[in-house]
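The values are calculated or read from the model by the stated rules, or taken from the named source; none is laboratory data. Note that the coordinates shown come from a computational prediction; the quantities given were computed from them, not determined experimentally. Glycine gets a Cβ as well: all are built from the backbone with ideal geometry, and neighbour counts include every protein chain shown. All accessible areas refer to the heavy atoms of the entire protein, side chains included, with ligands and DNA or RNA removed. Shrake-Rupley method; radii C 1.70, N 1.55, O 1.52, S 1.80 Å.
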Amino acid sequence: MEYDDYRYQTDNGSESGQETTTGHKPRILLMGLQRSGKSSIQRVVFNKMPPNDTLYLESTTKIQKEDVTRSFIDFQVWDFPGQINFFETAYDSQEIFGEVGALIFVIDAQDDYREAVNRLHYTVTSAYRVNPNITFEVLIHKVDGLSDDYKIDTQRDIQQRTADALADAQMEHIQLSYYLTSIYDHSIYEAFSKIIQKLIRELPTLENLLNVLCSNSGIDKAYLFDTLTKIYIATDSSPVDMQSYEICSDMIDVIIDIECIYGAQNSASNGTTPSINDVEEDRSATLSSPSLSVGNGGVNGFGGADSLQEQLMSDTSVASEPEAEASSLIKLTNGDVLYLREVNRLLVLICILRQESFEKHGLIDYNFQCFKEAITDVFEFSNTRNKLNSQLADGNELVNNTSE
Amino acid sequence: MPANSRGQFPTFGSQTGFNPSRLSSDSTIVTESATPSQSDGQESQSPMDTLNAPPYQPLRYQLPGALNALSSSPDGEYVVVAGREVLKVLHVTTQEVTEYINLRTGSNLSLNYSSNDVKWGNNATKNKIATAATNGAIIIWDLNKSGRKTDRVISEHTRAVNRVCFQPNSGFTLLSASQDGNIKAWDLRDPKSLAKYSYEGKSESVRDVQFNPLHTYEFAAGFETGTIQKWDMRNLKPIYDRKVSAHNGPCLTVDWHSDGRTLASGGRDRTIKVWDMNSDSRKPQYTIRTMASVSRIQWRPGYDNEIASCALLSDNGLHVWDVRRPNIAKYTFDEHSTTPTGFQWLSSDTIISCAKDRYFMRHDIVGAYQPIELLRKNGIGWNIHGDLVFSIDKSAGDSFVDEISTPGVTSPANRKQRRSRTSTGDEMPLQYIPPQTCGIAHLPLFDYETFSVFAQNYVTSGEDIKMACETNAKIAWSMQRFRAAQTWKIIQLLFADMDDEASSSVNASDNGYVKALEDNTVNGTDAASETDSETSLRQGGNDYKDHDDLSSSSSESNEISSMSQNQEIVNDLLSYYTEQSDVQMCVTLFLVIQQHVHVGLEQLEDWFTSYIDLLHRFKLWTSATDIINACPIEAVRTINMNATTINIACNNCFKLVLSTARASWACDKCHKLLNPCSLCHQTVRGLYVWCQGCNHGGHLEHMRDWFSNNSQCPTGCGHTCTLDMSTRSHS
């Protein structure tokens, strides 16, 4: 898991993407007023920019397109400049909104949001006319620093104003989802997880697989994370608790950091030599770690993680695989165990389970192997289906072309 | 002092931490209860009774796997418990729990049986049980069937089913809430496995659904987006009746009140909210803040205002709240070793619960502890000037909430109130605020003025003991602290001039007698209250005795005139002032005569730290610094050496210059140069000289040149600087 592997190819023009599969790739549009935080969100979530650095972002002047193509996540993020109205006739709204999967509208909660609500109403109604299949997501953003009461009041107020405006326009059947977010905590990742889950067709299958894994291995909660963005693309059907989500996403950070320092070089990954294993085992001893300060608020709920035990081991038993899978184990003082297994280079599975359940370690590992195979199957299946679909679509286009 | 608006007890300095440890937490496994349970509605027991009664043990029954949900049969005799590996019907009596049927016998490990939720039917379906599985299947079990009890498997949901619910009256209609965002209604009389209705909430996953107990065609659903929706089954349009955005974060559970119009909801934002579903209000009637995400709630039958809740994570308790007093639970059951996953009221005093710790339990309200009993109800605190503020609980008897002053959810008074409020706008308090008496008393135990005068004027150096004692005595005398003045005089006699005659000392001690008397009278008239004059009289009595001892011993000491004898007297003196808690005197005395006396280091450190603390409290920073520097103890001296920051204010806008540490030369706020030279308008690096009168200045050289020829300020502000010109350097 070398960090550089995860850098996306950011293609600035959409041309290169057009050639491959852009025609069928869902788009995520980031819209909203100027200075509401669209580019910040995009940078923080997809480019791993530290939240504090977003202060220095220049204002966006043209549509920034970015392809995100990794395993189940397969879409294009378009970051819009806030000051331009894209529904004017100068722009081809069919071109922009025709293929959209989700439209994310960002509202600055710390500002006067009346103007933003008007704009939201206008955007939603205009986009709906072009493409009624868009899902509309509203991020009530920058809520860090607001009190809980104020947050819910703001949400209620925005929701009510929008609902009233839509009802006046006879479009109350448009469904909007609202999220309270901030780039300074995990709320933005959670909101994006939910938004993206709606675009993942395989979600019910993945959820079912996770349910099966959980019930058969005595796992309390399992998340399937996209490693770089810290977005969870699926979880089992029990309610997501903020604390568990936070601690799992913090765990990814820890693992990636350690990976960067100690991990095997990507070029040498095909030969997991014994020496590397030795090094890693030494590390597990030295890193029984007060220095690993995992998490901020989330850890407290789990009874303090001051005596985290960190064990990273390279699984060499799957010798047939060219790359060794990372796995990691963190024991919390309250008796819970965090168990991370790498599914493939882009996905990790993180489970929370009780110490008692973890005694059946072998069972969990076996179940995990089955789970991993299933995931791979699902992935391959959806890949072939995508190809088929694209071929079909190409065929249609061909037909269209010839008919013209 | 207004009463605390949130109804909490004020907690000033004293810690009133919540202690969740039970009075009797003997957790042995028993299958029969120690005391016969009392379910006759007798619940208001005095704390003494609860303490004296034998510790109540809930009925426990261990099952082979973790439990997710439970449901009781309509008659309350049987309970079905469900988990990932368990589906059993238990026979529950007041004495014991026995297994009745194991529904999973002989069944293979099908995913259909790993249950998320379970519900027992009613009336027509009183022998049927519905379970909801994580793979989207709903299974109807028929207990009357012989052999395998599976009646029917419905698998129409694509994702996990979170909750099922039977219609209360007919029992034929079953509602299911699923992760796929749909609510489906099934008619169990119709054997075809197709949903009669499907309601799409147009929202994310449905977490909970429940029929209205009164208007059984209505149901409410809680959604992952935090909204709750009310639906009417008679309405054929696919749209909800009413939608409330209730929670910040997912809503996990809803429960109808028995009045059919009030709905409670609980969510991940750690709140339970109570809504009037008939009104248009967008605000909840009541909000209860709990300690953890709320996973299940249920109103307590027979008690209109009480609601039980359990958490999703991290809180193992089962709490019963009164909506009118949302800051503290009325009862708490703390028996499970993990978070309870399901519970149900069997009667108004009996509650059954299950948890992932594999235990099924039957609790009686008698066995719950009342968190309020563990809280301190009175608070007290004082400020440095001797003002004492206190608040005393005035609630009468043991009632948790005063029924008269705060009408509940459904009380006729509240109904009337609610109606009348719309017309008159008259607000009745919905939240119970425990009656309290608050007050502020001024206790003249400490004389701030004298203290600060002493702190600023006392001579603390021990170089010239005679001079120091004389000055200090004068100061004390002028502040009418005659006893202190006498002490200084005695010290002067003992240490400054040991060859002095004994007669003067006797005279002095005679004076001491008289002055002490005066002191007493002065104190007595000054004292504001009777009690205070009493204490001062008592103190006066002590003074007499002390002075008696002192005078006699001092005269003796002069006769013997030995160092060790002095030491003894000084020790007596110091311990006297320590007892009087006059650290100022102790510290000053010690500093003046420190060459001649020995005091234990621990004691010294005590005095110094408390004196310095006092000085800091009264903002006598300079005096405090003097004392710190004069202190012989290393640990105290280092106080001054850590974390001293000097900030610079802009001389134009008087805002703090934030980047002082990084040697900034311009103000962040007004973007003017800091300390520019009035003549060359460059930032002055190095020596800066300025006029104390008009605050203008500049380079030392430039200023010298200018003022050799001019007398007015170079900026033209009109100030004549030369007379007051003082050249101080500032780096």
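Could you tally the net charge around B:Trp321, taking each other residue with its Cβ under 11 Å from the Cβ of B:Trp321, Lys/Arg +1 and Asp/Glu -1?
+3
Can you give the accessible area of A:Tyr128 in Å² (nearest 10), computed on protein heavy atoms with a 1.4 Å probe?
Near enough 50 Å² of accessible area.
In region A:116-193, which GluC sites (Glu not before Pro) are in a loop and have at most 16 other Cβ atoms within 10 Å, using DSSP for the loop call?
Filter output for region A:116-193: A:Glu172.
Roughly how many Å² of B:Arg84 are accessible to a 1.4 Å probe, to the nearest 10?
50 Å²
Give the calculated FRET efficiency between B:Asn695 and A:Tyr262 to the nearest 0.05, with a Förster radius of 56 Å applied to their Cβ-Cβ distance.
The calculated FRET efficiency here is 0.40.
Output ³J(HN,Hα) for region B:680-696: one whole-Hz value per residue in order, computed from phi by the Karplus curve 6.51 cos²θ - 1.76 cosθ + 1.60 with θ = phi - 60°, and x for Gly and Pro.
9, 6, 9, 5, 7, 10, x, 6, 10, 10, 9, 7, 6, x, 10, 6, 9
Over 18 Å between Cα atoms: which of A:Lys230/B:Lys356; A:Lys25/A:Lys142; B:Lys119/B:Lys184; B:Lys119/B:Lys230; B:Lys243/B:Lys273; B:Lys88/B:Lys128 fall into that group?
Over 18 Å apart, Cα to Cα: A:Lys230/B:Lys356; A:Lys25/A:Lys142; B:Lys119/B:Lys230.
Can you list residues whose amide H is under 5 Å from B:Gln57's amide H, if they're 5+ apart or on another chain and H is modeled 1.01 Å from N?
Here B:Ala34, B:Thr35 satisfy the definition.
Could you work out the mean count of beta carbons from other protein chains within 10 Å of each residue's beta carbon in A:230-242?
Mean number of neighbouring Cβ atoms from other chains: 5.
Please report the spacing between the Cα centers of region A:337-375 and region B:97-150 in Å, no decimals.
30 Å
Quick one: how many Å² of B:Arg704 are accessible to a 1.4 Å probe, rounded to 10?
140 Å²
Quick one: net charge around B:Ala624, please, counting Lys, Arg +1 and Asp, Glu -1 for every other residue with C-beta under 13 Å from its C-beta.
Local charge sum for B:Ala624: +1.
Mind ranking B:Cys694, A:Cys260, B:Cys677 by accessible surface for me, highest first, 1.4 Å probe?
Output order, biggest surface exposure first: A:Cys260, B:Cys694, B:Cys677.
Only Cα pairs under 8 Å and at least 6 apart count here; give the relative contact order of region A:3-197 as a rounded whole percent.
22 percent
Report, as an integer, the average count of C-beta atoms from other chains found within 10 Å of each Cβ along B:275-282.
1
Could I have the simple spin-label model distance between A:Asp153 and B:Arg152, label points 7 Å from Cα toward Cβ, reported in nm to one decimal?
So the two model labels end up 5.0 nm from each other.
Grab the eigenvalues of the alpha-carbon gyration tensor for region A:117-207, scale each by 5, take roots, and send me the semi-axes largest first in whole angstrom.
Whole-Å semi-axes of the equivalent ellipsoid: 23, 21, 10.
For the interface of chains B and A, what total accessible area is buried with a 1.4 Å probe, rounded to the nearest 100 Å²?
2900 Å²
Grab the Cα-Cα distance for B:Ala124 and B:Thr216, subtract it from 0.36 nm times how many residues apart they are, and report the gain in nm with one decimal.
31.6 nm
Can you give me the long-range amide H partners of B:Asn182? Hydrogens built in the peptide plane at 1.01 Å from N, cutoff under 5 Å, separation of 5 or more residues or another chain.
B:Val206
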